[in-house]
1. Can you confirm whether SER56 is under 23 Å from VAL133 (Cβ atoms) and either surrounded by 14 or more Cβ atoms within 10 Å (Cβ to Cβ) or in contact (Cβ under 8 Å) with a residue 60 or more places away in the chain (or both)?
2. Which of the following residues is surrounded by 14 or more Cβ atoms within 10 Å (Cβ to Cβ), free of Cβ contacts under 8 Å to residues at least 40 places away in the same chain and part of a helix (DSSP H, G or I): VAL135, VAL166, VAL176, VAL156?
3. Could you go through segment 191-203 and let me know if any residue there is surrounded by 15 or more Cβ atoms within 10 Å (Cβ to Cβ) and of a type in the set (Asp, Glu).
4. Confirm whether LYS211 is under 13 Å from GLY114 (Cβ atoms), free of Cβ contacts under 8 Å to residues at least 24 places away in the same chain and surrounded by fewer than 18 Cβ atoms within 10 Å (Cβ to Cβ).
5. Report, by residue number, each residue of segment 22-53 that is over 23 Å from the mean Cα position of the chain (by Cα) and surrounded by fewer than 19 Cβ atoms within 10 Å (Cβ to Cβ).
6. Output the number of residues of segment 75-130 satisfying the condition of being closer than 20 Å to ASN218 by Cβ, of a type in the set (D, E, K, R) and either in contact (Cβ under 8 Å) with a residue 40 or more places away in the chain or away from the ligand (no atom under 12 Å from the Cβ) (or both).
7. Test of understanding: among LEU169, LEU225, which residue is within 16 Å of the ligand (Cβ to nearest atom) and modelled with pLDDT of 95 or more?
8. Within segment 185-192, is there a residue that is within 15 Å of the ligand (Cβ to nearest atom), among the acidic types (Asp, Glu) and in contact with a helix residue (DSSP H, G or I) (Cβ under 6 Å, 6 or more places away or on another chain)?
Amino acid sequence: MISEFFKSLDLAQTILIIVSLCYIPVLIWTIVAGLRVQSVFSKYNKIPSLNRYNSSRAARMILDSCGLYDIPVKDCSGSLSDHYDPKTKCIYLSASTKDSISVAAIAVAAHEAGHAIQHSENYFFLKIRNMSVPVVNFSSMIAFPLIIIAIILEAVMGVTQISNTVLLLGIIFYSVYLLFLFITLPVEFNASKRALKLMVENNIINESELKPAKKVLNAAAMTYLSSFVFSLLQLLRFLAIFLSNRRR
Ligand SMILES: [Zn+2]
């Protein structure tokens, strides 16, 4: 009975059912991941590391151990806004991170140092990611307006060749943005992997402190993963609309 029901569905209907089933759980996952990164950081930010290096010092030690003496560690505004800027070749640590001696803050600083090392080594996925930034900025800016225009055209004039072409263009630009989110995943996971290894190798934290450091970095990685999956569902939804319009 159920198998007959699924056999009777076309591709657009199958995609829509999958998207509908996954949408709410993935939305909740995305929200929880965003909240969790804050709560995990605050929890482990209260625990000082045994060797008591602050995170600015930790980032400096990691960079120096890789010969990256020319990459400065500077301050930036905001909370958990720590980042590595490939344009200025500089690590920026936020007020909540830079002077903290907690395992959480050190892990964040080491992760940013991981990005600087990826850059210096021409790490494949970071290179592709940096190269695609201008195209992605344009694509993400134009994708949603095109999709909204297509929906308005459909509502006013019904499904036409024009509304479907505008929708297809929106889907193509949205796919470029999604590809960027996908390339970001190995970049983030790899920076965390490097951070964990280099923190121990440089005696900044010891092996017993790896678990909380991992938890902080994994919580941050989950936000990237969940927003990628959520955006993938959005793309599939638009694709299903496009496919069912074409049948009309
Ligand atoms: Zn990162």
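1. For SER56, the condition - under 23 Å from VAL133 (Cβ atoms) and either surrounded by 14 or more Cβ atoms within 10 Å (Cβ to Cβ) or in contact (Cβ under 8 Å) with a residue 60 or more places away in the chain (or both) - is not met.
2. It is VAL166.
3. There is no residue in segment 191-203 that is surrounded by 15 or more Cβ atoms within 10 Å (Cβ to Cβ) and of a type in the set (Asp, Glu).
4. Here the answer is no, as LYS211 does not meet what is asked.
5. Answer for segment 22-53, where residues must be over 23 Å from the mean Cα position of the chain (by Cα) and surrounded by fewer than 19 Cβ atoms within 10 Å (Cβ to Cβ): LYS46, ILE47, PRO48, LEU50, ASN51, ARG52.
6. Qualifying residue count, segment 75-130: 1.
7. Testing whether each residue is within 16 Å of the ligand (Cβ to nearest atom) and modelled with pLDDT of 95 or more leaves just LEU225.
8. Yes, segment 185-192 contains at least one residue that is within 15 Å of the ligand (Cβ to nearest atom), among the acidic types (Asp, Glu) and in contact with a helix residue (DSSP H, G or I) (Cβ under 6 Å, 6 or more places away or on another chain).
The values are calculated or read from the model by the stated rules, or taken from the named source; none is laboratory data. It should be emphasised that the depicted structure is a prediction, and the values quoted were computed from it without experimental measurement. Reconstructed Cβ throughout: ideal geometry from the backbone, glycine too, with neighbour counts over all protein chains shown.
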